[in-house]
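**Q** Right, I'll just put the structure down here and ask away after.
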Amino acid sequence: MLLLATFVATFFFLYQKRNFRYQQELSLTKESYERGLLQSQLEIQNHTLQQIGQELHDHIGQMLSLTLIQLSVLEEDLAGSVHAPTVQQTFETVERTMQDVRRLSKTLDGGTVERYGLRESLALEMERIQRTGRFQTQFQFIGSPYSLDENTETILFRMVQEALNNAMKHSGGHQLTVSADYGLDRFSLVVTDDGCGFDLGEATERGPDRSGSGLWNLKQRARLLGGECVLISQPGWGTRIEIRLPNKRGEAAVSKITI
(Lines give C-alpha, C1' and ligand atoms only; values in the text may rest on other atoms or scores of the structure.)
Protein backbone atom coordinates (compact mmCIF):
# COMPACT_ATOMS: atom_id res chain seq x y z
CA MET A 1 0.00 0.00 0.00
CA LEU A 2 2.89 2.29 0.85
CA LEU A 3 4.54 1.59 -2.50
CA LEU A 4 1.23 2.12 -4.30
CA ALA A 5 0.65 5.41 -2.49
CA THR A 6 4.19 6.51 -3.34
CA PHE A 7 3.68 5.55 -6.99
CA VAL A 8 0.37 7.44 -7.20
CA ALA A 9 1.85 10.51 -5.49
CA THR A 10 4.88 10.44 -7.80
CA PHE A 11 2.69 9.98 -10.87
CA PHE A 12 0.43 12.83 -9.79
CA PHE A 13 3.42 15.09 -9.11
CA LEU A 14 4.99 14.34 -12.51
CA TYR A 15 1.64 14.84 -14.22
CA GLN A 16 1.16 18.21 -12.52
CA LYS A 17 4.71 19.23 -13.39
CA ARG A 18 4.27 18.21 -17.01
CA ASN A 19 0.89 19.91 -17.22
CA PHE A 20 2.35 23.09 -15.71
CA ARG A 21 5.20 23.03 -18.23
CA TYR A 22 2.70 22.47 -21.04
CA GLN A 23 0.59 25.43 -19.90
CA GLN A 24 3.71 27.59 -19.72
CA GLU A 25 4.72 26.61 -23.26
CA LEU A 26 1.18 27.22 -24.48
CA SER A 27 1.16 30.65 -22.84
CA LEU A 28 4.54 31.53 -24.36
CA THR A 29 3.41 30.35 -27.79
CA LYS A 30 0.24 32.43 -27.55
CA GLU A 31 2.19 35.47 -26.37
CA SER A 32 4.73 35.03 -29.16
CA TYR A 33 1.92 34.78 -31.72
CA GLU A 34 0.25 37.91 -30.35
CA ARG A 35 3.54 39.81 -30.39
CA GLY A 36 4.18 38.78 -33.99
CA LEU A 37 0.65 39.76 -34.99
CA LEU A 38 0.88 43.14 -33.27
CA GLN A 39 4.30 43.73 -34.80
CA SER A 40 2.91 43.04 -38.27
CA GLN A 41 -0.03 45.38 -37.65
CA LEU A 42 2.32 48.14 -36.50
CA GLU A 43 4.56 47.69 -39.54
CA ILE A 44 1.56 47.91 -41.86
CA GLN A 45 0.29 50.99 -40.02
CA ASN A 46 3.68 52.69 -40.15
CA HIS A 47 4.05 51.91 -43.85
CA THR A 48 0.56 53.28 -44.60
CA LEU A 49 1.10 56.44 -42.55
CA GLN A 50 4.49 56.96 -44.15
CA GLN A 51 2.91 56.78 -47.62
CA ILE A 52 0.23 59.28 -46.60
CA GLY A 53 2.91 61.60 -45.19
CA GLN A 54 4.89 61.42 -48.43
CA GLU A 55 1.77 62.15 -50.48
CA LEU A 56 1.01 65.16 -48.30
CA HIS A 57 4.56 66.46 -48.59
CA ASP A 58 5.01 65.79 -52.32
CA HIS A 59 1.56 66.35 -53.82
CA ILE A 60 -0.30 68.73 -51.47
CA GLY A 61 2.92 70.56 -50.64
CA GLN A 62 3.67 71.14 -54.31
CA MET A 63 0.13 72.35 -55.00
CA LEU A 64 0.35 74.82 -52.12
CA SER A 65 3.74 76.03 -53.37
CA LEU A 66 2.22 76.64 -56.81
CA THR A 67 -0.67 78.52 -55.17
CA LEU A 68 1.83 80.76 -53.35
CA ILE A 69 3.56 81.58 -56.64
CA GLN A 70 0.24 82.48 -58.26
CA LEU A 71 -0.72 84.64 -55.28
CA SER A 72 2.63 86.43 -55.48
CA VAL A 73 1.93 87.32 -59.10
CA LEU A 74 -1.60 88.44 -58.19
CA GLU A 75 -0.25 90.49 -55.30
CA GLU A 76 2.08 92.38 -57.67
CA ASP A 77 -0.73 93.00 -60.17
CA LEU A 78 -3.09 94.33 -57.47
CA ALA A 79 -0.49 96.36 -55.57
CA GLY A 80 -2.09 99.55 -54.28
CA SER A 81 -5.65 98.40 -54.99
CA VAL A 82 -8.39 97.81 -52.42
CA HIS A 83 -7.97 94.04 -52.93
CA ALA A 84 -4.27 94.01 -51.99
CA PRO A 85 -4.86 93.39 -48.22
CA THR A 86 -7.18 90.45 -48.98
CA VAL A 87 -4.59 88.90 -51.30
CA GLN A 88 -1.92 89.36 -48.63
CA GLN A 89 -4.08 87.66 -45.99
CA THR A 90 -4.77 84.78 -48.38
CA PHE A 91 -1.05 84.48 -49.09
CA GLU A 92 -0.27 84.26 -45.37
CA THR A 93 -3.05 81.70 -44.80
CA VAL A 94 -1.78 79.43 -47.58
CA GLU A 95 1.79 79.78 -46.26
CA ARG A 96 0.70 78.71 -42.76
CA THR A 97 -1.27 75.82 -44.25
CA MET A 98 1.80 74.66 -46.15
CA GLN A 99 3.86 74.73 -42.95
CA ASP A 100 1.17 72.74 -41.13
CA VAL A 101 1.08 70.17 -43.93
CA ARG A 102 4.84 69.75 -43.69
CA ARG A 103 4.64 69.27 -39.92
CA LEU A 104 1.82 66.76 -40.32
CA SER A 105 3.75 64.82 -42.95
CA LYS A 106 6.70 64.56 -40.53
CA THR A 107 4.56 63.22 -37.68
CA LEU A 108 3.02 60.62 -40.00
CA ASP A 109 6.41 59.46 -41.22
CA GLY A 110 7.89 56.88 -38.86
CA GLY A 111 11.32 57.81 -40.21
CA THR A 112 11.04 61.12 -38.35
CA VAL A 113 11.35 59.27 -35.03
CA GLU A 114 14.35 57.36 -36.33
CA ARG A 115 16.07 60.57 -37.49
CA TYR A 116 15.27 62.93 -34.62
CA GLY A 117 14.40 60.64 -31.71
CA LEU A 118 11.31 60.30 -29.56
CA ARG A 119 11.65 63.53 -27.57
CA GLU A 120 11.98 65.82 -30.61
CA SER A 121 9.18 63.99 -32.44
CA LEU A 122 6.82 64.40 -29.48
CA ALA A 123 7.68 68.10 -29.24
CA LEU A 124 6.88 68.48 -32.95
CA GLU A 125 3.54 66.69 -32.51
CA MET A 126 2.52 68.89 -29.59
CA GLU A 127 3.50 72.01 -31.52
CA ARG A 128 1.38 70.87 -34.46
CA ILE A 129 -1.67 70.39 -32.23
CA GLN A 130 -1.06 73.75 -30.56
CA ARG A 131 -1.10 75.47 -33.96
CA THR A 132 -4.64 74.28 -34.65
CA GLY A 133 -5.82 76.80 -32.06
CA ARG A 134 -8.23 74.31 -30.50
CA PHE A 135 -6.00 73.08 -27.69
CA GLN A 136 -3.34 74.34 -25.33
CA THR A 137 -0.48 71.85 -25.21
CA GLN A 138 2.47 71.26 -22.93
CA PHE A 139 5.38 68.87 -23.35
CA GLN A 140 7.83 68.29 -20.52
CA PHE A 141 10.49 65.73 -19.64
CA ILE A 142 12.19 64.68 -16.42
CA GLY A 143 15.74 63.40 -16.11
CA SER A 144 18.49 63.11 -18.70
CA PRO A 145 17.05 61.90 -22.04
CA TYR A 146 18.46 58.64 -23.40
CA SER A 147 17.66 56.71 -26.55
CA LEU A 148 15.56 53.58 -26.62
CA ASP A 149 15.81 51.31 -29.65
CA GLU A 150 14.25 52.68 -32.85
CA ASN A 151 11.38 50.20 -32.95
CA THR A 152 10.40 50.94 -29.34
CA GLU A 153 10.50 54.70 -29.88
CA THR A 154 8.35 54.44 -33.02
CA ILE A 155 5.74 52.33 -31.21
CA LEU A 156 5.72 54.74 -28.25
CA PHE A 157 5.26 57.69 -30.58
CA ARG A 158 2.27 56.01 -32.27
CA MET A 159 0.79 55.20 -28.85
CA VAL A 160 1.02 58.84 -27.78
CA GLN A 161 -0.52 59.92 -31.10
CA GLU A 162 -3.43 57.55 -30.52
CA ALA A 163 -3.92 58.76 -26.94
CA LEU A 164 -3.87 62.40 -28.08
CA ASN A 165 -6.25 61.65 -30.93
CA ASN A 166 -8.71 60.00 -28.53
CA ALA A 167 -8.50 63.00 -26.20
CA MET A 168 -9.11 65.47 -29.04
CA LYS A 169 -12.11 63.51 -30.31
CA HIS A 170 -13.82 62.50 -27.08
CA SER A 171 -12.60 64.45 -24.05
CA GLY A 172 -14.11 67.85 -24.81
CA GLY A 173 -11.15 69.40 -22.99
CA HIS A 174 -8.81 72.23 -23.94
CA GLN A 175 -5.50 71.27 -22.30
CA LEU A 176 -3.28 68.38 -23.40
CA THR A 177 -0.06 67.47 -21.59
CA VAL A 178 2.62 64.90 -22.39
CA SER A 179 5.36 64.11 -19.86
CA ALA A 180 8.37 61.87 -20.43
CA ASP A 181 10.22 60.57 -17.37
CA TYR A 182 13.70 59.22 -18.15
CA GLY A 183 14.22 57.27 -14.95
CA LEU A 184 17.29 55.15 -14.24
CA ASP A 185 15.34 51.91 -13.93
CA ARG A 186 12.11 52.85 -15.73
CA PHE A 187 10.95 55.03 -18.59
CA SER A 188 7.41 56.37 -18.58
CA LEU A 189 5.20 58.52 -20.77
CA VAL A 190 2.11 60.23 -19.37
CA VAL A 191 -0.67 61.77 -21.48
CA THR A 192 -3.32 63.82 -19.64
CA ASP A 193 -6.29 65.96 -20.63
CA ASP A 194 -8.69 68.20 -18.72
CA GLY A 195 -11.79 66.82 -20.41
CA CYS A 196 -14.97 65.17 -19.23
CA GLY A 197 -13.37 61.82 -18.36
CA PHE A 198 -15.25 58.51 -18.47
CA ASP A 199 -16.19 55.48 -16.40
CA LEU A 200 -13.46 52.87 -16.93
CA GLY A 201 -15.66 50.01 -15.76
CA GLU A 202 -18.49 50.97 -18.10
CA ALA A 203 -16.06 51.40 -21.02
CA THR A 204 -14.54 47.96 -20.38
CA GLU A 205 -17.93 46.25 -20.30
CA ARG A 206 -19.22 47.76 -23.54
CA GLY A 207 -20.22 45.42 -26.33
CA PRO A 208 -18.23 45.26 -29.58
CA ASP A 209 -20.81 47.47 -31.32
CA ARG A 210 -20.23 50.35 -28.87
CA SER A 211 -16.59 50.06 -27.85
CA GLY A 212 -13.58 51.34 -29.73
CA SER A 213 -10.23 49.60 -30.03
CA GLY A 214 -8.12 52.54 -28.79
CA LEU A 215 -7.75 51.52 -25.15
CA TRP A 216 -7.20 47.87 -26.03
CA ASN A 217 -4.53 48.83 -28.59
CA LEU A 218 -2.63 50.89 -26.04
CA LYS A 219 -2.54 48.05 -23.52
CA GLN A 220 -1.53 45.47 -26.14
CA ARG A 221 1.27 47.63 -27.51
CA ALA A 222 2.61 48.24 -24.02
CA ARG A 223 2.67 44.46 -23.52
CA LEU A 224 4.51 44.08 -26.82
CA LEU A 225 7.24 46.35 -25.42
CA GLY A 226 7.41 44.40 -22.15
CA GLY A 227 5.71 47.14 -20.14
CA GLU A 228 2.26 48.20 -19.08
CA CYS A 229 -0.31 50.89 -19.80
CA VAL A 230 -2.30 52.29 -16.86
CA LEU A 231 -5.47 54.33 -17.41
CA ILE A 232 -6.97 56.58 -14.76
CA SER A 233 -10.22 58.41 -15.43
CA GLN A 234 -13.57 59.25 -13.95
CA PRO A 235 -16.44 61.44 -15.12
CA GLY A 236 -15.67 65.12 -14.68
CA TRP A 237 -11.96 64.66 -13.85
CA GLY A 238 -10.24 64.16 -17.17
CA THR A 239 -8.09 61.21 -18.22
CA ARG A 240 -4.53 60.12 -17.47
CA ILE A 241 -2.74 57.46 -19.54
CA GLU A 242 0.63 56.26 -18.29
CA ILE A 243 2.90 54.00 -20.33
CA ARG A 244 5.65 52.36 -18.25
CA LEU A 245 8.64 50.47 -19.63
CA PRO A 246 11.63 48.97 -17.84
CA ASN A 247 14.93 50.60 -18.78
CA LYS A 248 17.10 47.52 -19.22
CA ARG A 249 20.28 49.49 -19.68
CA GLY A 250 19.49 51.42 -16.50
CA GLU A 251 18.89 48.16 -14.64
CA ALA A 252 22.27 46.88 -15.87
CA ALA A 253 23.95 50.05 -14.62
CA VAL A 254 22.33 49.64 -11.20
CA SER A 255 23.57 46.03 -11.04
CA LYS A 256 27.12 47.09 -11.83
CA ILE A 257 27.02 49.79 -9.18
CA THR A 258 25.63 47.34 -6.62
CA ILE A 259 28.33 44.78 -7.34
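**Q** Just order 20-27, 122-129, 133-140, 147-154 by mean Cβ neighbour count inside 10 Å, highest at the front, would you?
**A** 122-129, 147-154, 133-140, 20-27
**Q** I need the peptides 187-195, 232-240 ranked by packing, meaning the mean over residues of other C-beta atoms within 10 angstrom, with the highest value on top.
**A** The densest-packed peptide leads the list: 187-195, 232-240.
**Q** Moving to a separate point now. Roughly what would the spin-label model give for SER81 and TYR116, points 7 Å off Cα along C-beta, in nm?
**A** Here the modelled spin labels are 4.0 nm apart.
**Q** State, to one decimal in nm, how far the label point of HIS170 lies from the label point of ARG186, with both points 7 Å from Cα in the Cβ direction.
**A** The modelled label-to-label distance comes out at 2.5 nm.
**Q** How much net charge surrounds SER233 when only other residues with a Cβ under 13 Å from its Cβ are counted (Lys, Arg +1; Asp, Glu -1)?
**A** -4
**Q** Pop out the carbon and sulfur fraction of the accessible area of the stretch 62-142 as a percent, whole number, probe 1.4 Å.
**A** 52 percent
**Q** Could you give the length gained by full extension between TYR15 and SER65, i.e. 0.36 nm per residue of separation minus their alpha carbon distance, to one decimal place? Intermediate results must be reported in sequence, preceding the final value.
**A** Details: separation 50, 0.36 × 50 = 18.00 nm, distance 7.27 nm.
Difference between extended and current length: 10.7 nm.
The values are calculated or read from the model by the stated rules, or taken from the named source; none is laboratory data. Note that the structure is a prediction, hence the values are computed from the model and not measured. Note: ideal-geometry Cβ built from the backbone for every residue, glycine included; neighbour counts use all protein chains shown. For accessibility, only protein heavy atoms count, side chains too; no ligands or nucleic acids. Shrake-Rupley method; radii C 1.70, N 1.55, O 1.52, S 1.80 Å.
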